[in-house]
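The values are calculated or read from the model by the stated rules, or taken from the named source; none is laboratory data. Quick caveat, the model's predicted, so the values are computed rather than measured. Methodologically, a virtual Cβ is constructed for each residue, glycine included, from the backbone with ideal geometry; neighbour enumeration extends over all protein chains shown. Note: accessible area is taken over every heavy atom of the protein model, side chains too, but ligands, DNA and RNA are not part of it. Shrake-Rupley method; radii C 1.70, N 1.55, O 1.52, S 1.80 Å.
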Amino acid sequence: MVVGLGEFFVHGDNAWFDAHATFYGADQNPTSLGGACGYDNTFHAGFGVNTAAVSGVLFRGGEACGACFLVICNYKVDPKWCLRRRAVTVTTTNFCPSNNNGGWCDPPRSHFDMSSPAFLTIARQGNEGIVPVLYKRVSCRRKGGVRFTLRGQSNFNMVMISNVGGSGDVKVAWVRGSRTRTWMPMHRNWGANWQANIDLRNQRMSFKLTLVDGTTLEFFNVVPSSWRFGQTFSSMNQFS
C-alpha cells in the first residue's frame, strides 16, 4: 500500500522511529523473499511484493514475521535520494543478519532491507542504495481470511500461518483435532511455522491464535479431515 504523507499525519500518531533502508538485488524474484520466516511465496502468503528483511531488534527471533511497518524516506536528512511525501507499508518476511562489524543490521540498529519495488516507492536508487527512513508499526490490511499451510509428515505437524491481519505477528498458537476435546499448544518451529507433535491425520483441524497485541481469534474446522500435507486452507475469519 502506498499513501501520501498528509493522510497518515492527520490520522496517525507521532510514534516515529529512525532507521535506515537498503534493498534486495533488483534481479531477485520478489515472490521468493520468504527467507527466515519460511513463507513459500509472498503472493501465496498474501503479502505481495512490498516486503522487507528486518534487523534483529525488529525481527525478535521470528516473532515479527507478518508484522507491518509504515516506512517513509527521511527527506529532511537526505533530499537527494529520498522521494518527498511518499510512504509504503511493508510486511516482515525475512531476517537481516548482523555481521558484528558495524553493519547496518548490527544491534542495536533498526534496519529494513526492502524488496526493490518497495524501496523504489520511497527513494531513488543511488547513494550505494542506503537511505535514512522513519518508520512505525501499523495494522496489516489483508484480503480474505488467515491461511494455514500444512507441512510435515506422520505425527509431526507443522503449519505455516500467513495472511494475518491486525498486528500481523502471531504470539501464541493452538490446534485442536475433531477427535480431541482440548486445545493443544503449538510452538514456533521457525519464523511463521508452528509445530505440534501429535497425530491429526484424518481429523478436521481448528486453530486458535493470539497476536502480539493480545487479540485472539478461533478458526473452527478450517481444515477438513481429507487434508494432505502441502495443502493450504483459507479461513473465513480475519483479524481487524
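Right, Arg137: basic (Lys, Arg) and not in a loop (DSSP other than H, G, I, E, B) or not? Judged against the criteria, Arg137 is a match. Looking across the range 96-134 at every residue that is assigned to a loop (DSSP other than H, G, I, E, B) and hydrophobic (A, V, I, L, M, F, W, C), the one that is most open to solvent (accessible area, probe 1.4 Å) is identified as Trp104. Note on the range 122-175: among residues that are within 12 Å of the chain's Cα centre (by Cα) and small (Gly, Ala, Ser), the one that is farthest from Ala19 (Cα to Cα) is Ser162.
Applying a threshold of 6 Å to beta carbon distances and a minimum spacing of six or more residues, or different chains, the list of pairs starting in the range 103-123 at a residue that is within 15 Å of Cys82 (Cα to Cα) and ending at one that is small (Gly, Ala, Ser) and surrounded by fewer than 18 Cβ atoms within 10 Å (Cβ to Cβ) reads Ser116/Ala26.
The sole residue among Phe69, Phe47 that is out of contact with any Asp or Glu (no Cβ under 8 Å at 6 or more places or on another chain), crowded, with 24+ Cβ neighbours inside 10 Å, closer than 21 Å to Leu209 by Cβ and modelled with pLDDT under 95 is Phe47. Scanning the range 169-225 for residues that are within 20 Å of Tyr39 (Cα to Cα) and without any contact (Cβ under 8 Å) to a residue 24 or more places away in the chain yields a count of 1. Please give the number of the condition Thr91 fails out of (1) touching a residue at least 60 places away in the same chain (Cβ under 8 Å); (2) open to solvent by 10 Å² or more (accessible area, probe 1.4 Å). Looking at each condition in turn, Thr91 falls short on (2). Of Val164, Val172, all but one fail to be in contact with a Leu (Cβ under 9 Å, 6 or more places away or on another chain) and either crowded, with 18+ Cβ neighbours inside 10 Å or assigned to a loop (DSSP other than H, G, I, E, B) (or both); the exception is Val164.
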